[in-house]
Number of protein chains: 4
Amino acid sequence: MISNSRIDMRHRTLAAMGSSFGVLFRITTFGESHGPGLGVVVDGCPPQLPLDVAHIQAALDRRRPGQSRLVSQRKEDDKVEVLSGVIDGMTLGTPIAMLIRNTDARGKDYDAIARAYRPSHADYTYDAKYGIRAVAGGGRASARETAGRVAAGAIAEQLLARLGVSIVAWVDEVSGIAANVDPDAITRDAVDATDIRCPDPAAAAQMIERVERARKDGDSVGGVVRAVARGVPPGWGDPVFDKLEADLAKAMMSIPAVKGIENGSGFAGTLLTGSDHNDHFYRRDDGSIGTRTNRSGGIQGGISNGEPITLRIAFKPTATIMRPQPTVDRDGNETVLEPKGRHDPCVLPRAVPIVEAMMALVLIDHALRQAALR
Amino acid sequence: MISNSRIDMRHRTLAAMGSSFGVLFRITTFGESHGPGLGVVVDGCPPQLPLDVAHIQAALDRRRPGQSRLVSQRKEDDKVEVLSGVIDGMTLGTPIAMLIRNTDARGKDYDAIARAYRPSHADYTYDAKYGIRAVAGGGRASARETAGRVAAGAIAEQLLARLGVSIVAWVDEVSGIAANVDPDAITRDAVDATDIRCPDPAAAAQMIERVERARKDGDSVGGVVRAVARGVPPGWGDPVFDKLEADLAKAMMSIPAVKGIENGSGFAGTLLTGSDHNDHFYRRDDGSIGTRTNRSGGIQGGISNGEPITLRIAFKPTATIMRPQPTVDRDGNETVLEPKGRHDPCVLPRAVPIVEAMMALVLIDHALRQAALR
Amino acid sequence: MISNSRIDMRHRTLAAMGSSFGVLFRITTFGESHGPGLGVVVDGCPPQLPLDVAHIQAALDRRRPGQSRLVSQRKEDDKVEVLSGVIDGMTLGTPIAMLIRNTDARGKDYDAIARAYRPSHADYTYDAKYGIRAVAGGGRASARETAGRVAAGAIAEQLLARLGVSIVAWVDEVSGIAANVDPDAITRDAVDATDIRCPDPAAAAQMIERVERARKDGDSVGGVVRAVARGVPPGWGDPVFDKLEADLAKAMMSIPAVKGIENGSGFAGTLLTGSDHNDHFYRRDDGSIGTRTNRSGGIQGGISNGEPITLRIAFKPTATIMRPQPTVDRDGNETVLEPKGRHDPCVLPRAVPIVEAMMALVLIDHALRQAALR
Amino acid sequence: MISNSRIDMRHRTLAAMGSSFGVLFRITTFGESHGPGLGVVVDGCPPQLPLDVAHIQAALDRRRPGQSRLVSQRKEDDKVEVLSGVIDGMTLGTPIAMLIRNTDARGKDYDAIARAYRPSHADYTYDAKYGIRAVAGGGRASARETAGRVAAGAIAEQLLARLGVSIVAWVDEVSGIAANVDPDAITRDAVDATDIRCPDPAAAAQMIERVERARKDGDSVGGVVRAVARGVPPGWGDPVFDKLEADLAKAMMSIPAVKGIENGSGFAGTLLTGSDHNDHFYRRDDGSIGTRTNRSGGIQGGISNGEPITLRIAFKPTATIMRPQPTVDRDGNETVLEPKGRHDPCVLPRAVPIVEAMMALVLIDHALRQAALR
């Protein structure tokens, strides 16, 4: 049975590479918001390690919508099922597949926007690429895809803990309101103490007020997430293209809504002179080598130097707002997009576990590449 | 003849992935500053295209040291030889290998620093990883490695030109002195009109003065390079991990001395509300779809939208300065590093062609992935 | 919180690459026989193509045990669920995940062999690599893993049909009993007409008798599967490492129990002189170019030439037999393995759809690499 | 300067993947017979290892033409220059680039065949794929490309020697004349004792006579190369797609003129029953586990078992013969190809070092993947 019809390749794309991340600890996510479910396959996890599924579920619970009035009220249980790679709580060294069923599809809410391109969303570009609308969150550009990343990141985090590495991220700025904290002292408990996930209670209160105001206005706000990895030994990362900061930058920029990334001194560092910026080496009491300052953000020449690895990540204000906006539909006609459906006035709190997951995935991959797990 | 001695793997690293970049247009750089030479192999260049070797040489000339008194006086001819993949000026579709011989090795200049770790250099981290000093520029962390990238980027640029895509980068800030220019109007000629490669003559004069002062002080300065790609059609980039901005972020962060990267509105965009930040679609006179503003920086949901792609890249002040600095040597003894050798008080002008090359390499790779070359 | 317990890496392996196959049409299989289920993620399938799930299920039905008395009576429904990548019967261009739940685990049958290494199985080598027994089919070396390949291969086959390419494989030899058929005339219906999947009825009868005798003897037999792909246009395959025959050889050798592979004239061709072996080109009536003979097996210099692509694949006799065998247990003690559990005296009939699937996966990958889908 | 002319992609191919081999020990070959030179970049070689360039040169000398009257008289010095990755005879852990200049281009010899497709060569398929003739050995399908593989393989071999692994290959059959040797006793000296590289002197004499006769007839002959790797520990190789025998099969099938490959019992093993074929485990005097027979060829379930790894590789008779042959030219006209140029009546002796190199490349890659180099 041979068909004569050729495959229509006007919208051909070679997407094979696009859904996987990592070299030796390699994940592949799958799934759309409105299909049966979504998930991830983790290939490269070493065998014979205890795996705590409750910890994975807890990470997913931090990411899912509906946790507080600050974020989207879309209801998803996000219950994870481990399909393979683990028996009796121990890893087998084989691929770990995890599935999260969709429960709250509600495609109907999106009918109104089925034809109009939402401003600063992926609707138009997705259509240009695939010839298919990403409507109703059906596409892969949906933030819901990050559930698979968080599940995989939780496994990476468990491996990193065995190597003495811990990661914490928090909301450092919302709409210009900045936290005033000592990055070296932040714990995840302190982060989760407020709905906004900012460990400075005073700033957190202001941020929450700002988000509430945006909600009332039918508007949205952006901000900055800060992340630090402690305990990374010297020697992780490669010196040329796969610099540790380069892989971290890619990881963070692949999170929806991210528009900027800094390691160490970032853009502010461009204002200093070399004599003020350089981090001087010294000998610690235990004989190891440290730097007196950490403008390098824990990485020099692409390779970790043993100091905390520090990142700042800029998230734009959410594109979905509850206001009419001028736009164009699929046929090229100018039109007005009327607001409808649910609204997340600030994605920053839910972005925190995603940032942590992507940081964990980059670090465990380079740990394996450096054969650090001996 | 079987040896009993096992391989010493204390410093084992799995570097195989680290020297290649790109998926379908894939480059592999090789070479150290003090060996016979360095170069690059480009795999994935389509066949039957005219290749202009003079254009490649011109790109290398823009990168090499010794062009003006603003940059390092190290003398390298950087003459490129095309070893394969091209016959009678036409590509064969086979790997294009290019070799640049080293001529000005001068290993002796570096004797003094052979044991002390230079602050904010890759000496210590390289040693921690490989058990080998990156001294004398011998390591791959040397900026000289970027010559191979620039040669490959020049090929990418020639392919992109056939697709109607052009790239231009310039020095936008030095030590806080900012250019005041219209990004849409910048040409490469305007950029090259000043030694500092800033197209705003007034700002350029101030920048040059600032760099001269740093030189006299034995110090160094940092800054920001801005880059724009014009003519990229809608549809390039992937929606998940290999977002166009993610691959661009990795590309830029892999350039020595880069500490931050922004696409579109970047960190400043976090101060806006969604209603102010969203880019509204409209219909152009020719029927195509555009956006009235470009805070998205030409990319939405990981995929190009047809608007100019805009980047800002932060370069820290050069780590090499002509001042004594406290540090530690390989044996862990605290010591003072005395200045010696050559000194590049500001890498920004030479960074411009490197930024352009990395941007071209990302774009041509995604062009091929989107099968855009039909 | 730094853990003191390092990860035990005596059995460390970097398995990340091991569960994926293909470059642009890339599959990743997951799952063990005795966990919740197994499956596959297909990344790189083009968007907007109709996908026939019934055809995938039919392919799985041809592979599963219990189809006839000739093969293992293990009962597995092997019902496939498509989790993602398809909506309303059309592909989205996103990863297609497929899940097959395990229903007939029966771990208890394997208790007896939990400690003794089964001869010519993967028990010992798996233990040496991972420090974990692949007992009870729990490991990835189990033939059950191939269900994921067959599901993915069925998708590849549907794409290939649109390009005019069809694949058929059959049992050509069992224990030296050879079919006498015209390879150009074989249909899948003729193959499936006998339980042994040999399209020569006379030879099939002899083969079935031979397999029955082996079953009664508690023994097993091997044989040769032949495969042909018709309609592949000239130009698929790469000229150096990724020659079409090289990727086919890897694909076939990755099927459990395969010990040899031939393309075209194979080993018999080494007996000919060049003047007898060379395939002479001629002009077909339609103006296209063909060869008068096909000792090249449809591939010259790694690239398809438009003639049928022909393969022969050698399967060793099944390692599981119903006889006591001397062996060694995990502690190094010599022992005797007593037979127990189920027994598949000849895997050849069930190997046919696996061979077809692997051939389809290689061909569609090279079709995409050649941009043949325009 | 934006060109309006689109890139002609009728012959578009995504060749990026095609010139590289290996995952962690990854080589990329480049170069054509008639350009400036050819070579290889080895990425992933561990640092701090002594590298013997004379050993690399010796391997190349075994491969090059003109060694004896049995093989092509084309004169190539094949002098290797190491461009990077090695200083003072020690590896740096950075890419090792090696260059071999072309000296004996002689393009003119090939003028006569510039238009006619040579039977069973890659001329037609190369043209179909790239739209470019592989004439004059200019294409990558030329056997000359294997020089880069041999140079890289010599490095792999030096690493393997440190792990106690040695490889030897020899000519086992020429045109049906078979060697009668004990595979466990063959040394490379015994192989090189005859021009035909067969360690059985009596068979070697017959083989040489057969090759001489083919030369006089203007004809060519094929044969079988056998290869064995000794000292590989249990645990190398992956259990699913990247089985050790699968990667070896791909490696061998990627050598020009190979049409078949066997591991262990190969096709002959299909004639045995399981009870005769199974390799029984026993405990060696030193407590390690071995098998009493080696029909598995040193690999079970994709993973090495500690026994010698055995391969047989079928080489077709050389396609170039000194006889007129009917064929078709580029315009589709039927014509006769008149013999011209040089003639290699039997490639087997020169194939021996290529087989060894490819085997070494697969083994060192899996050694690194198994972290065996600790």
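Nothing in this text is a laboratory measurement; each read-out follows from the coordinates by a stated rule. As the structure is a prediction and not an experimental result, all values here were calculated from the model. Note that each Cβ is placed from the backbone with ideal geometry, even for glycine, and that neighbours are counted across all protein chains shown.
Using the Karplus curve 6.51 cos²θ - 1.76 cosθ + 1.60 with θ = phi - 60°, what ³J(HN,Hα) values do you get for each residue of region B:115-121, in whole Hz, with x for Gly and Pro?
For region B:115-121, the Karplus curve yields 10, 7, 7, 6, x, 6, 9 Hz.
Could you give the dipole magnitude of region D:210-337 about its Cα centre, charging the beta-carbon of Lys and Arg +1 and that of Asp and Glu -1, in debye to the nearest 20? Intermediate values should be presented prior to the final figure.
Details: 17 positive and 16 negative charges, 86 e Å.
It works out to roughly 420 debye.
So how do A:46-59, C:269-282, C:345-358 stack up, highest first, on mean other-Cβ count within 10 Å?
C:345-358, C:269-282, A:46-59
Please compute the modelled spin-label separation between A:Arg292 and D:Val53, points set 7 Å along Cα→Cβ, answer in nm with one decimal.
Reported label-point gap for D:Val53 and A:Arg292 is 4.5 nm.
Per residue of region B:209-225, in order, report the coupling 6.51 cos²θ - 1.76 cosθ + 1.60 (Karplus, θ = phi - 60°) as ³J(HN,Hα) in whole Hz, putting x for Gly and Pro.
Once rounded to whole Hz, the list reads 4, 5, 5, 4, 5, 4, 4, 4, 6, x, 10, 8, 10, x, x, 10, 9.
Starting from the Cα gyration tensor of region D:297-369, take the square roots of the eigenvalues, sort them a ≥ b ≥ c, and report rounded, prolate or oblate (rounded when a/c is under 1.5, otherwise prolate if a/b is larger than b/c, else oblate).
Values: a/c = 3.53, a/b = 2.80, b/c = 1.26.
Because a/c hits 1.5 or more and a/b exceeds b/c, region D:297-369 counts as prolate.
Compute, for region D:230-290, the length of the dipole vector about the Cα centre, with Cβ point charges of +1 (Lys, Arg) and -1 (Asp, Glu) only. Units Debye, rounded to 20.
Values: 6 positive and 9 negative charges, 28 e Å.
Computed charge dipole of region D:230-290: roughly 140 debye.
Quick query: amide H of D:Leu51 versus all other amide H atoms, modeled in the peptide plane; which residues come in under 5 Å with a sequence gap of 5 or more or a different chain?
Under 5 Å from the amide H of D:Leu51 lie the amide H atoms of D:Met90, D:Thr91, each far enough along the sequence or on another chain.
Count, for each residue of D:251-257, the Cβ atoms from other chains sitting within 10 Å of its Cβ, then give me the mean as a whole number. Please report the intermediate quantities before stating the final value.
Values: counts 4, 3, 15, 12, 3, 5, 2.
Going residue by residue through D:251-257 and averaging, the value is 6.
Given axes a ≥ b ≥ c from the Cα gyration tensor, I'd like to know whether region C:234-290 is rounded (a/c under 1.5), prolate (a/b larger than b/c) or oblate. Please list the in-between numbers first.
Numbers: a/c = 2.59, a/b = 1.46, b/c = 1.77.
Judged from the Cα gyration tensor, region C:234-290 comes out oblate (a/c at least 1.5, b/c at or above a/b).
Which whole number gives the average, over all residues in A:149-155, of C-beta atoms from other chains lying within 10 Å of the residue C-beta? Don't skip to the end; give the middle numbers.
Numbers: counts 2, 0, 0, 0, 0, 0, 0.
Averaged over the peptide's residues, the number is 0.
Okay, helix-only estimate at 222 nm for the protein assembly as shown: each DSSP H run of n ≥ 4 adds -39500 (n - 2.57), divide by all residues, round to 500 deg cm²/dmol; what do you get?
Numbers: 32 runs with 372 residues, N = 1496.
Helices in the protein assembly as shown give a 222 nm mean residue ellipticity of -7500 deg cm²/dmol.
Can you list, shortest first in nanometers, how far C:Gly287 lies from the same residue in the other copies, with each label 7 Å from Cα toward Cβ?
Ordered by increasing distance: 3.3, 7.6, 8.1 nm.
If you take each beta carbon of peptide C:308-315 and count the beta carbons of other chains within 10 angstrom, what is the mean?
Values: counts 0, 0, 0, 0, 2, 2, 10, 2.
Across C:308-315, the average partner-chain Cβ count within 10 Å equals 2.
Taking the Cα centre of region D:265-374 as origin and charging only Cβ (+1 Lys, Arg; -1 Asp, Glu), how large is the dipole, in debye to the nearest 20?
Values: 13 positive and 12 negative charges, 41 e Å.
The dipole of region D:265-374 has a size of about 200 debye.
Relative to the longest principal axis of the C-alpha atoms of chain C, give the angle of the C-alpha long axis of helix C:348-369, reported between 0 and 90° and rounded to the nearest 10°.
60 degrees
Taking chain A as the reference, fit the longest principal axis to its C-alpha atoms, fit the long axis of helix A:53-63 to the helix C-alpha atoms, and give the angle between the two in degrees, 0 to 90, nearest 10.
The answer is roughly 60 degrees.
If neighbour count is taken as other Cβ atoms inside 10 Å, put C:Met322, D:Met207, A:Met359 in order from fewest to most. Write out the running numbers ahead of the final one.
On the way: C:Met322 20, D:Met207 31, A:Met359 27.
The most exposed by this proxy come first: C:Met322, A:Met359, D:Met207.
Enter the angle in degrees (range 0 to 90, nearest 10) between the Cα long axis of helix B:146-162 and the first principal axis of the Cα atoms of chain B, meaning the one along which they spread out most.
So the inclination is approximately 20 degrees.
For C:Ala185, go 7 angstrom from Cα along the Cα-to-Cβ vector, then report the distances to that same point in the other copies in nm, smallest first.
Result, one decimal in nm: 5.2, 7.9, 8.8.
If you average 1/r over all unlike Cα pairs in chain B and invert the result, what Kirkwood radius do you get in angstrom? Numbers along the way, then the final one.
Details: mean 1/r = 0.0454 Å⁻¹.
Computed over chain B, the radius equals 22.0 Å.
Indicate the gyration tensor shape class of region B:114-265 (rounded, prolate or oblate), computed on the Cα atoms with a ≥ b ≥ c the square roots of the eigenvalues: a/c under 1.5 is rounded; otherwise a/b larger than b/c is prolate and the rest oblate. Working shown, then result.
Values: a/c = 2.06, a/b = 1.19, b/c = 1.73.
Cα axes put region B:114-265 in the oblate bin.
Taking a label point 7 Å out from Cα toward Cβ, give me the nm distances from C:Arg330 to the same spot in the other copies, shortest first, one decimal.
4.6, 5.7, 6.6
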